[in-house]
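Each remark here refers to the structure printed beneath this line.
The values are calculated or read from the model by the stated rules, or taken from the named source; none is laboratory data. Quick caveat: nothing in here was measured; it's all calculated off a predicted structure. Using ideal geometry, Cβ is built from the backbone for each residue, glycine included, and neighbour counts are taken over all protein chains shown.
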Amino acid sequence: MKQIIVEKWYSMTRRIPLYWVLIIALIIAIPYNLYINHFNIPVAHSEEQKESCNLPYNLVQINRNTFVHPILLAEVATEDPKLNPLKEKINALIEEKKNDKTLTSASVYFNILNSADGWFGINNDQKYNLASLLKVAFVMAMLKDAEDNPAMLDKKIHFTKHLSAVEGQNILNHALQLGNYYTIKELLQYAICYSDNDAAYLIVEACKTGSLNKLLTDLQLPPCDLYKEYIANAEEYSRLFRVLCNGSYLSNDLSEYALELLTKSDFNEGITKKLDKNIIVARKFGERTQENKELHEFGIIYLKGNPYLLGIMTKGNDYKQLEELISTISTTVYEEMAKPAL
């Protein structure tokens, strides 16, 4: 039987010329390769090959599970060269304030949110005390717990004393009243819209143990000790706003809720000061009230069809001058972004 099969195979190969075999192989191979390349079909690689492949992206992933590692953030690793003129304008504003001796340092993070590569950073290695900016993380941790137990947002908490860990605040228009009961939802509003420190600490106390640091770890940020200053740079802090915009950490509904709270901030002396009042901006400021003053603000500016994230962190000796710089940078960016596309 084996002999018969061999003879038939030999007979067939003699009847089909070799060049036809090559032509048939090419006809099969060329469309296959075009299909793979056009649709970017992933090809399996050995572990050694994968380790030597450096993708030009910065990724932030949750790594708590063995098999599933959800991507929270992804952006091209290099800055967008098309944004260099805007970056240079902002750098010039910063250097001018430094020359006036009213500014010690400033950092800026800018990201066009509907683009994978439209971002740049200025002095991103400079770190600052986040101060009240960290309240966004407090609120996100609480909302993460509420995904499993929505009723907890209606839980009432009796406000009986100011917390000793709370520092003085220079910017505070609405504060909790001693002796009153507040729902968690109301505390979220006071912490974000009015930046009340007592509300923020009551939120952290009401969270499940570790919820706040779980959030920070997932975003590849250092854990938080409530009795110490929390230090980070502009790009690191921007991750909180970016995952809210992406809906990649909280559910879509709770991300929407958090961003809506941020649009109701009562601080209007920075990013929004010179913008059209009809423009929606989800924003949060932070201030350090000690001798070395710091003032920061991050916001998503919902420019029609082209929303962008702008974060400005500053150190100096005069709050009014720092507010003015934040406002001027924001206006400069808005004027550039509002230009009609060519």
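If you go through the range 62-88 and keep only what is in contact (Cβ under 8 Å) with a residue 40 or more places away in the chain and either surrounded by 15 or more Cβ atoms within 10 Å (Cβ to Cβ) or under 18 Å from Ala234 (Cα atoms) (or both), you end up with Ile62, Leu72, Leu73, Ala74, Glu75, Val76, Glu79, Asp80, Leu86. Take the residues in the range 304-318 that are closer than 20 Å to Ala232 by Cα and of a type outside the set (A, V, I, L, M); name whichever of them is surrounded by the fewest Cβ atoms within 10 Å (Cβ to Cβ). For the range 304-318, the residue satisfying everything is Lys315.
Among the residues of the range 220-264, which ones are in contact (Cβ under 8 Å) with a residue 12 or more places away in the chain and farther than 26 Å from Phe120 by Cβ? Within the range 220-264, Cys224, Leu226, Tyr227, Glu229, Leu250, Ser251, Leu254, Tyr257, Glu260, Leu261, Lys264 meet the criteria.
Of the residues screened, Glu297 is one that is of a type in the set (D, E, K, R), within 18 Å of Lys315 (Cβ to Cβ) and crowded, with 22+ Cβ neighbours inside 10 Å.
For residues in the range 104-128 being surrounded by 18 or more Cβ atoms within 10 Å (Cβ to Cβ), farther than 15 Å from Arg239 by Cα and modelled with pLDDT of 95 or more, which is farthest from the chain's Cα centre (by Cα)? Among those that are surrounded by 18 or more Cβ atoms within 10 Å (Cβ to Cβ), farther than 15 Å from Arg239 by Cα and modelled with pLDDT of 95 or more, it is Ala106. The combined condition, being of a type in the set (Val, Ile, Thr) and closer than 20 Å to Ser195 by Cβ, is not fulfilled by Thr332. Scanning the range 322-342 for residues that are part of a helix (DSSP H, G or I), among the aliphatic types (A, V, I, L, M) and surrounded by fewer than 21 Cβ atoms within 10 Å (Cβ to Cβ) yields one hit, Met337.
Residues checked against (1) in a loop (DSSP other than H, G, I, E, B); (2) farther than 30 Å from Arg64 by Cβ; (3) modelled with pLDDT of 95 or more; (4) of a type outside the set (Val, Ile, Thr):
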{"position": "Lys208", "(1), (2), (3), (4)": "yes, no, no, yes"}
{"position": "Pro222", "(1), (2), (3), (4)": "yes, no, no, yes"}
{"position": "Leu226", "(1), (2), (3), (4)": "yes, no, no, yes"}
{"position": "Arg239", "(1), (2), (3), (4)": "no, no, yes, yes"}
{"position": "Tyr249", "(1), (2), (3), (4)": "yes, no, yes, yes"}
{"position": "Tyr257", "(1), (2), (3), (4)": "no, no, yes, yes"}
{"position": "Glu291", "(1), (2), (3), (4)": "yes, yes, no, yes"}
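Exactly one residue among Gln189, Gln177, Gln220 is surrounded by 15 or more Cβ atoms within 10 Å (Cβ to Cβ) and either within 29 Å of Thr160 (Cα to Cα) or over 23 Å from the mean Cα position of the chain (by Cα) (or both), and that residue is Gln189.
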